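These notes are about the structure you will find just below.
The values are calculated or read from the model by the stated rules, or taken from the named source; none is laboratory data. None of these values were measured; they are calculated from a predicted model. Cβ placement follows ideal geometry from the backbone for every residue including glycine, while neighbour counts extend to all protein chains displayed. Note: areas computed on protein heavy atoms with side chains; ligands, DNA, RNA excluded. Shrake-Rupley method; radii C 1.70, N 1.55, O 1.52, S 1.80 Å.
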There are 2 protein chains.
Amino acid sequence: MEAVTYELKHICKQTGARRGVIHTPHGDIETPVFMPVGTQATVKSMTPEELKEEVKAHIILSNTYHLYLRPGSKLIKEAGGLHKFMNWDRAILTDSGGFQVFSLGDLRTITEEGVEFKSYLDGSKHFLSPEKVMEIENDLGSDIMMAFDECVKYPSEYEYVKQSMERTTRWAARCKAAHKNTEKQSLFGIVQGGTYKDLREKSVKDLVEMNFPGYAVGGLSVGEPKELMCDVLRFTTQNLPEDKPRYLMGVGTPDYLIEAVLRGIDMCDCVLPTRIARNGTALTSHGKVVVRNATYEKDWGKLDEECDCYTCKNYTRAYIRHLVKSNEILGIRLLSIHNLRFLTKLMENIRKEIENDNLLNFKNEFYKKYGYKD
Amino acid sequence: MEAVTYELKHICKQTGARRGVIHTPHGDIETPVFMPVGTQATVKSMTPEELKEEVKAHIILSNTYHLYLRPGSKLIKEAGGLHKFMNWDRAILTDSGGFQVFSLGDLRTITEEGVEFKSYLDGSKHFLSPEKVMEIENDLGSDIMMAFDECVKYPSEYEYVKQSMERTTRWAARCKAAHKNTEKQSLFGIVQGGTYKDLREKSVKDLVEMNFPGYAVGGLSVGEPKELMCDVLRFTTQNLPEDKPRYLMGVGTPDYLIEAVLRGIDMCDCVLPTRIARNGTALTSHGKVVVRNATYEKDWGKLDEECDCYTCKNYTRAYIRHLVKSNEILGIRLLSIHNLRFLTKLMENIRKEIENDNLLNFKNEFYKKYGYKD
């Protein structure tokens, strides 16, 4: 019995989007779901209580690469695991560090065995292999572990993407063999293959044969045009098994979340809501609001009239603008709460509209109001 | 009838320290009290709810000078006053901007009429007079307004301190005449005179004749030795009326709070707890803890075993150290909550010990445990 399982509840008759539940050792997660990112064992500026009560998050993502380098996965193991270390008793998904390591460019060397790289903190040398990554993720104790993969950039040559994808598949097998805590943690495979459909098909086929409890789609939303992303995503998910959750990595703008769900995705994550909060920007039902701008100086309204979050219940745009202009932490906090809640609320609405077989209509209305062009 | 009144409840038989209540239009304040500082209409990193529920603050201080420059006191007036602007419905004390303006050194010019200075934000020229400061504080709508004063540095020549103190007294009279909202706001006078007892005596005498509803002691804890501070403070408070609250400005280390209360002080404020939080330092019953230090890397204990705050209920020193080392906002938040609570809790204990006529014994035990030398 896998630690993490997926239950399909309904398929939207209008769009084919999936409504389900992921069962984990740290609670159930209604899907489709947006997962806030807690890179360094904290979702930036937020307490766990705020994530539960205001954002209404049931799962967060944390970064293996960052935690391995600081404070170290052995220290977190000694603390009793990541949940206990950071005081979060709901589900956690950890990535594999692959995305970060491969982003290092000249600072890393890839071999069949794994990747050698230098720490961004102190320049020290490190080596990550599928086995090492499993050891780290087992030490962290996340509910969902991601296999060690290479995320290739866009555009990349066919031959390179092919070799890389095949290696990612071999690494997935090594990850599966090395994973030591199957009772409490589940390992997801990651589909690669860039924008080449035959490579995506092969990647899916080989991974599905290994029978993972869930699959991520990696290597998308890395610079390719939106239509191409949508096309490759649709192609990829159609071959994934219906009874396993599907996770599109690194996607977090409202339109991409909707498009992903329309193409059969159940889980998404992105640093966007907390990152733009630190720049003084809010996501609202009428589009982005750069609250720093002079136009909001005497705006006594809420960030978003339709929002139910702590920020919108208690503060004006004028006050938040003052905090942002004054570099006050409370400004970042209020915008982070709101932006995260905006995306979890969007997903709540999406779940409802799937149940109502009405997701396409919802999408059209949302796009119009938000100011997106379709 | 004054907006703000003081009720003396008990005098410690062991020390003469005062236990009382300050009544304000925004609730009662048990004294002696420590007031967290919210310089820019926010106590750094904190929400009002955290100040109420975790710190248990009933009054905060905010800075006229900063708010006048940004976002502007007219904007705050338009928002419905400072309480509404920042979503804080308990009491607020505003300083007069005097301390900040006089700190500007070469950037300001003092005349009998007032002070001309340049903005630290954009270099623009401004003029603050007693009348202008009253207009600003009336616009802010604080419960307790401070008169416009000059805080002279230590050491200063007798003649300069004398002239300055006399001008501060004349300004106090002008403030009193200019204060426009006596029904909802009370104006406190500020005793000056540096470390010269005859000047302190004169300052007290002249201000008391004007019959303010409360008095601050300014110009202490500005670099003079602790014994001298204590001596001048004792001398100053003995001549202040018993039925009015007494506020020692800018004092916030645990020992200074205790020494101030021992000398008849009812109110204190300081940026120290939130400032050292941003440097990764905690106040604890066993002294300061620089949680950033390597010694706490695997310390699974609380910041302070005796503390009842959110931070101490939920997080280890090791986790807080990780947050601080990683420059995570949550680290600042957790330390700010704890440090503020440490001081408000110290004042709660002090109030109890005054009631028990036991404050001197309490001081001796506290000093020993904290590691202070008496």
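Computed values, structure above
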{"read-out": "Residue check for B:V43: touching a residue at least 40 places away in the same chain (Cβ under 8 Å), crowded, with 21+ Cβ neighbours inside 10 Å and either β-branched (V, I, T) or in a loop (DSSP other than H, G, I, E, B) (or both)", "value": "yes"}
{"read-out": "Residues (more than 22 Å from B:L346 (Cβ to Cβ), open to solvent by less than 10 Å² (accessible area, probe 1.4 Å) and polar (S, T, N, Q)) located in region B:207-261", "value": "B:T236"}
{"read-out": "Residue, nearest to the other protein chains (Cβ to nearest Cβ), within region B:46-70, restricted to residues that are surrounded by fewer than 24 Cβ atoms within 10 Å (Cβ to Cβ), more than 18 Å from the chain's Cα centre (by Cα) and within 22 Å of B:A147 (Cα to Cα)", "value": "B:R70"}
{"read-out": "All positions within region B:245-288 that are part of a loop (DSSP other than H, G, I, E, B), of a type in the set (V, I, T) and in contact with a helix residue (DSSP H, G or I) (Cβ under 6 Å, 6 or more places away or on another chain)", "value": "B:V251"}
{"read-out": "Breaking point among (1) assigned to a strand (DSSP E or B); (2) of a type in the set (A, V, I, L, M); (3) open to solvent by 10 Å² or more (accessible area, probe 1.4 Å), for A:L187", "value": "(3)"}
{"read-out": "Qualifying position, being surrounded by fewer than 18 Cβ atoms within 10 Å (Cβ to Cβ), assigned to a loop (DSSP other than H, G, I, E, B) and not basic (K, R), among B:E305, B:E365", "value": "B:E305"}
{"read-out": "Test for B:K373: is it outside any helix (DSSP H, G or I), more than 10 Å from chain A (Cβ to nearest Cβ), free of Cβ contacts under 8 Å to residues at least 12 places away in the same chain and open to solvent by 40 Å² or more (accessible area, probe 1.4 Å)", "value": "yes"}
{"read-out": "Filtered residues of region B:108-133 (kept if free of Cβ contacts under 8 Å to residues at least 12 places away in the same chain, of a type outside the set (D, E) and either in a helix (DSSP H, G or I) or over 18 Å from B:A173 (Cα atoms) (or both))", "value": "B:R108, B:T109, B:G123, B:S124, B:K125"}
{"read-out": "In region A:286-345, residue farthest from the other protein chains (Cβ to nearest Cβ) [restricted to those that are farther than 18 Å from B:P71 by Cβ and of a type in the set (G, A, S)]", "value": "A:G287"}
{"read-out": "Residues within region B:66-97 that are outside any loop (DSSP other than H, G, I, E, B) and either free of Cβ contacts under 8 Å to residues at least 60 places away in the same chain or among the basic types (K, R) (or both), tallied", "value": "11"}
{"read-out": "Conditions (1) open to solvent by less than 10 Å² (accessible area, probe 1.4 Å); (2) under 20 Å from B:E328 (Cβ atoms): number failed by A:Q100", "value": "(1)"}
{"read-out": "Any hit, region A:267-279, residues being in contact with an Asp or Glu (Cβ under 6 Å, 6 or more places away or on another chain), under 30 Å from B:Y65 (Cα atoms), small (G, A, S) and within 11 Å of chain B (Cβ to nearest Cβ)", "value": "no"}
{"read-out": "Residue check for A:N349: polar (S, T, N, Q), part of a helix (DSSP H, G or I), under 23 Å from A:G252 (Cα atoms) and open to solvent by 10 Å² or more (accessible area, probe 1.4 Å)", "value": "yes"}
{"read-out": "B:A91 at positive phi, surrounded by 17 or more Cβ atoms within 10 Å (Cβ to Cβ) and modelled with pLDDT of 95 or more", "value": "no"}
{"read-out": "Enumeration of residues in region A:103-130 that are open to solvent by 70 Å² or more (accessible area, probe 1.4 Å) and of a type outside the set (A, V, I, L, M)", "value": "A:S103, A:D106, A:T109, A:E112, A:E113, A:E116, A:K118, A:Y120, A:D122, A:K125, A:F127"}
{"read-out": "Subset of region A:149-184 [open to solvent by 70 Å² or more (accessible area, probe 1.4 Å) and closer than 14 Å to A:M134 by Cα]", "value": "A:K176, A:A177, A:K180, A:T182, A:K184"}
{"read-out": "Qualifying residues in region B:26-40 (those that are closer than 30 Å to B:G16 by Cα and touching a helix residue (DSSP H, G or I) at 6+ places or on another chain (Cβ under 8 Å)) - the one surrounded by the fewest Cβ atoms within 10 Å (Cβ to Cβ)", "value": "B:E30"}
{"read-out": "Unmet criterion (only one of (1) under 23 Å from B:P273 (Cβ atoms); (2) without any contact (Cβ under 8 Å) to a residue 24 or more places away in the chain) for B:E7", "value": "(1)"}
{"read-out": "Long-range neighbours under 6 Å by Cβ, at least six apart or interchain, first residue farther than 21 Å from A:L8 by Cβ within region A:223-251, second acidic (D, E) and assigned to a helix (DSSP H, G or I)", "value": "A:C230/A:E259"}
{"read-out": "Failed item, numbered, when A:T295 is tested on (1) open to solvent by 40 Å² or more (accessible area, probe 1.4 Å); (2) closer than 25 Å to B:H83 by Cα; (3) outside any helix (DSSP H, G or I)", "value": "(3)"}
{"read-out": "Residues of region B:71-88 satisfying the condition of being among the β-branched types (V, I, T) and either surrounded by fewer than 18 Cβ atoms within 10 Å (Cβ to Cβ) or at pLDDT below 95 (or both)", "value": "none"}
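Residues checked against (1) among the aliphatic types (A, V, I, L, M); (2) in contact with a Pro (Cβ under 6 Å, 6 or more places away or on another chain); (3) open to solvent by 60 Å² or more (accessible area, probe 1.4 Å); (4) more than 24 Å from A:L330 (Cβ to Cβ):
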site	(1), (2), (3), (4)
B:I276	yes, no, no, no
B:K288	no, no, yes, yes
B:W300	no, no, yes, yes
B:T311	no, no, no, no
B:Y319	no, no, no, no
B:V324	yes, no, no, no
B:I329	yes, no, no, no
B:L334	yes, no, no, no
